Each structure stands twice: as C-alpha cells, then as structure tokens.
1. Please state the relative contact order of chain A as a whole percent: Cα pairs under 8 Å, 6+ residues apart?
2. To the nearest 0.05, how large is the calculated FRET efficiency for A:D114 and B:A141 if R₀ is 45 Å and r is the Cβ-Cβ distance?
3. As an exercise, use a Förster radius of 30 Å and the Cβ-Cβ distance of B:A153 and B:Q254 to find the FRET efficiency, rounded to the nearest 0.05.
4. What is the Rg over Rh value, at two decimals, for the protein assembly as shown, using alpha-carbon atoms and the Kirkwood definition of Rh?
5. Based solely on its DSSP helices, what 222 nm [θ] is calculated for the protein assembly as shown when runs of n ≥ 4 H residues each add -39,500 (n - 2.57) and the sum is averaged over all residues, nearest 500 deg cm²/dmol?
6. Multiply the residue gap between B:A59 and B:Q20 by 0.36 nm, knock off their C-alpha separation, and tell me the result in nm, one decimal place.
7. In whole percent, what relative contact order does the range A:1-131 give with Cα contacts below 8 Å and a gap of six or more residues?
8. Tell me which residues come under 5 Å, amide H to amide H, from B:G123 once H is placed; ignore anything under 5 positions away on its chain.
There are 2 protein chains.
Amino acid sequence: MSQHDALSEFDLIKQYFVRQRPGRATLGIGDDCALLTPAPGRQIAISSDMLVEDRHFFAGADARKLGHKSLAVNLSDLAAMGARPVAFTLALALPQAERGWLAAFSEGLFALADAHGCELIGGDTTKGPLNICITVFGELAPGQALRRDRAVAGDDIWISGTLGDARLALAGYRMEHTLAPHEMSEAASRMHTPTPRVELGCLLAETGLAHAAIDISDGLVGDLGHILKASGVGATLDVDALPAGPVLARQSAQLRRSYTLAGGDDYELCFTAPPSSREQIAALAARCATPATRVGSIDTAAGLRLVDATGAPLDLALRSFDHFTQ
Amino acid sequence: MSQHDALSEFDLIKQYFVRQRPGRATLGIGDDCALLTPAPGRQIAISSDMLVEDRHFFAGADARKLGHKSLAVNLSDLAAMGARPVAFTLALALPQAERGWLAAFSEGLFALADAHGCELIGGDTTKGPLNICITVFGELAPGQALRRDRAVAGDDIWISGTLGDARLALAGYRMEHTLAPHEMSEAASRMHTPTPRVELGCLLAETGLAHAAIDISDGLVGDLGHILKASGVGATLDVDALPAGPVLARQSAQLRRSYTLAGGDDYELCFTAPPSSREQIAALAARCATPATRVGSIDTAAGLRLVDATGAPLDLALRSFDHFTQ
C-alpha cells in the first residue's frame, strides 16, 4: 500500500496501535470492550485527561513528543495516587489519517508506555479537530492511595524534581521573555516531554511514608490549594526553597518565584509527610533518582502563607490555571 | 451567581457533575484518580467512545439527548460484551461553559446512567471544539464475555430490536428522502436517543446461551463482518427477515434492505447462538422486553451471503461506515 492511499479506521488501528506482545489484559484491542482481570484484592485507580490542539499543545506540535506527553500527564495522575500503571485506552480525533504523524505519535506513546509496563487495551478513532483522550488504569493495595484529603498539620510539604521550566518555555514561545536558543531548547523539553514521577509516587504509597499527594499540573499554588481544601488545613511555603528548573534558576528572582509558584505543566508531585519520615523519604527519592525538596509545612490555620528564606511574609498575586476563565 | 457569570472549570464540575449519592466507587470525582474496588473474582470490561460535533451529531444538537446518546453508545459496548455497567469517566471539550447546555447535557446523561446504576467517577473538562469522550466500566464473571471470535458454524444469527430508523432519520435530515413530520420525529428519536440493550446482553452472557456478540453501530453488514472475521466463519443472512424500524418498515423494499443491512447508529445487538437455544433465547428476550429476531445462520464457508425470503441470492452493493474513508 503506498504512502498516499487512504487509510481506513481499521487499518489505522491495526497498523499503528495493535501490537503483537503479551500484556496484562485478558482481551485487548479488537472487541466491543477490553477485559482486565484485576489482581486479587487490589483496587483500580482510573484517570482521564483530554488534550486539545491550541489549548494543551500548539498546532503542528511534534507528534512523537505529543504521544509521550498525552500518556505522561495521565501517568502523572497515577503517580500522584501511588498506583502502578497497568493499561490505558486512547480515543483520538484526527483531521486526517496521516501516516507520518501516526507513526511518530504512536512511537512516542509506546516508548513511554513500555517504560512503565502500561498496555494499550482499546479506544476509539474518529475524524475531527485534533483531540487526544487517554484513560489510564493503575493498581494499588486498598488503603494505600495517596489522597488529597489526608494532609495533617505539622506535615512537611515536599516537591519532586523542579518547577517552572515548562512555564518559562511557554513565556519564550509567547515572546513574553527572551531566552538563548540552548536555554529555550532545554526549557521546552520540560514542556513537551514531562517525566511522570511514577516510581516515587508508588514507593511513597507502598511504604506509607506520605500522607497526601497531588500532581502539579495547573501550578503549585492552585494544586496545593486542593490538598489544603480537601484536608481542611492551611500551609506555609518557603518560596525561596522551591526547586526551580535549571533554566529558570538562572533568571530573575521575580520570575523564579512566579513560575515555581504558579507555572503549570510541571507534572511533579507535591506531597505531605510527617517530619519523622524525612530521612526515609530522602533515601527513597535517591533510590528512584528523583530529587525531593522540602518547601514548607502544613498548618492548622486555613489559607496559604508565602514566606521568603528569612521567614518574612510575601504578598504575591498569583492564580492557578483555569480552562474556562482564562 | 447570575446566568452570565464566568463558570470556572471547578465550579462547572461541582455544579453539574458531582452528585451527593452513594455509588460503587471507593473514591469518586475530586482526586487525581478515582478508585474502584472490583467485586472479588470479576473481570472489568472497558470501552471508550469519542463523539465529535458534525461527525457523530449535528452542531446545535439537543444537549439533553446528546448526554443520553454519549453514554448510550458506550453502554451498548458493555451490552455487546455482556458486562453489567458499574461506572464511567467523562472527558468534555466545550467551546464555552454555557449553563443551559451543561444542565441539559448532564440531565440526559444522568437519567440514563441512573437507569443502569452506572456512576460518574471522574474525567476532565477543557475548552475546545465540542468533543465528548466517555470510558465505561462493567463487570462480568471470567469466561462469560460475549466475544466476537466465538461464533460457530451452524449458529443462528439474532438481532435485538429493529434496524434502520436512525439511518432513515439521517436521510430525512440530508433531504435524501422525504418523510412526514410524525415519521421524521419517530425515526429521529432512534437516532438521538438509542436504547442500549444492556439487560439482554447481560442475560445472554450470564446464561451462556449466546456464543458471540457485537453491537451494531456502523451497520449490520460491517459489524457482523467483524464476528465472521474474528471467528473464521461465514454467514448467510435472510435480508427480508431483518427487523426494520417501524418507520422504515413503511418505506420501499429497496430502502428497507439498504438501511437494515448498512444503516449505522442502530445500537442493537447482533449475536449468534446454537439452534438448541432458540426457545430459551425467545423467553429471555421476552423477559427483558427486547424483541429478538433470527435473521440467518453461521456457515463454515467464508464470506457473507445475502438471500431473500425465498432463499434466492441477492447482490447488493453495501459498505460499512468508516470515519477516514467517508
């Protein structure tokens, strides 16, 4: 079949998304439903994310990176729950069935899926404005989930990895900020190919060391806010302790504070844990080669207090990303 | 809050999609993932369908009916597998957060969900061209699934309900065919508010009476073709035995044959079962008030043979719906 033959819906699925490899599913792609047989006594964690062109990624975005990111943002939700990835479904609306795009997209998708043993078990394809909807399934033991509503006053607040480089890249694309080409390229890789912190999340859940967790997708202040609200607590954040991405770390203090606090697209974990767990958490983070930094503490008093390295209060106007008011 | 206040993503979810009622989920909307605890020893059936404006429904479609249909097409996949509905996720891209639309859409969605005890456990909302992606979860006993690859030569072929009225309504909308207003309205209700045959599918699986099943969404010929291919068998269909919808039944024989064989949007079940099960299947269909009609048989010889009421071969040019070649 030549490169330019029309690709039917079934050929498209068969050529780019069906793979001849054994997986966890009892029945995968090719029937009305996929069948999963849960491991005895395990719970299933489920999350859906929908990525829309011009909203979550630029028109003409690199298809391989888009395949990676579409699954990464979902795996990040599993990580924040402490669930081990098992499988996912992919629903895809495409303006046209373009072989080069499909080959690159599926390559990026499966490279990340394979790295996490996460099997594509079904989905849907249709013509339409480019839209990628993945629903991901993970497993965990009952009672081990890292929920948002379990933070306790006195807990440390931890952040995995670094924050803000994805937002800095967006500023570069938007010409809000000028970056050298090598800086732009480094920051952009954080935006386009985020690393979901799956191993850290799973170990935190399995060891019981963390109380609450969330993944940072809309900006730290907004996402930590969900933990505070759900847990009925407040927090104090040491803004200067926030781990900025390597490119952002070389920018002004103002930009660093702004983008670490309210950047978005970070896909790092924010979790809380009792001070008695500090050494064990540091060891566990080292074990999975994921930096983890203490950035503040959970308080009894409601609200989020921002302080600088000296403990002096900061009054920064920040808002979290919202799809319908921005 | 007035009708015209901007609705944030979180308010939208809270006001229209979070419900204060106990469900099957261990943890529902409001964390990084939902948590489901599978019933011991049961398998999970999973299906995703994505509905796109101007492709699966008209721009400006009635939001209540769209809420119904978005879930109905997914429940139909569970029915075709014989899985009992448990829960679903909803990912929704909307051009804007419009209160009237959201109220009507969620009303239609939940009316059908409640009728099947199927709980909304999570999802995503974003701004973007209207796109509705539902992933549905059902449960069934291992070994009971109605798979596509289990048809056996000698099996009867059965169809639930009636076929073709949805396609007839489309012909009406497209001015390909003229219908009286009351006929148009009756046919259109089949197109906009299909009835997923959940109870029939589950009973067929639980009693073990059926061998193979599929739901008819792209037209009988194409969908039955999937059973034939997966099972390595052929079939003979009595075209004049196909149960036409009440409006289509009053049209010409040519239209009746064409739309029952290759209409699309039917969401009826096509299943195969040994002739020894005829009486039990009829009783079971009566028990769930769903008509079931025998329309042909599975053969050893590959291919699909169409015959008329006298057994004479028919040579009809038909094709199944395909999103990328049509």
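1. 22
2. 0.90
3. 0.45
4. Result for the protein assembly as shown is an Rg/Rh of 1.01.
5. -10000 deg cm²/dmol
6. Length gained between B:A59 and B:Q20: 10.8 nm.
7. Relative contact order for the range A:1-131 comes out at 34 percent.
8. For B:G123, whose amide H was placed from the backbone, the distant partners under 5 Å are A:S48, B:L90.
The values are calculated or read from the model by the stated rules, or taken from the named source; none is laboratory data. Source: prediction; values computed, not measured. Note that each Cβ is placed from the backbone with ideal geometry, even for glycine, and that neighbours are counted across all protein chains shown. In case anyone asks, the SASA skips ligands and DNA or RNA and just uses the protein heavy atoms, side chains included. Shrake-Rupley method; radii C 1.70, N 1.55, O 1.52, S 1.80 Å.
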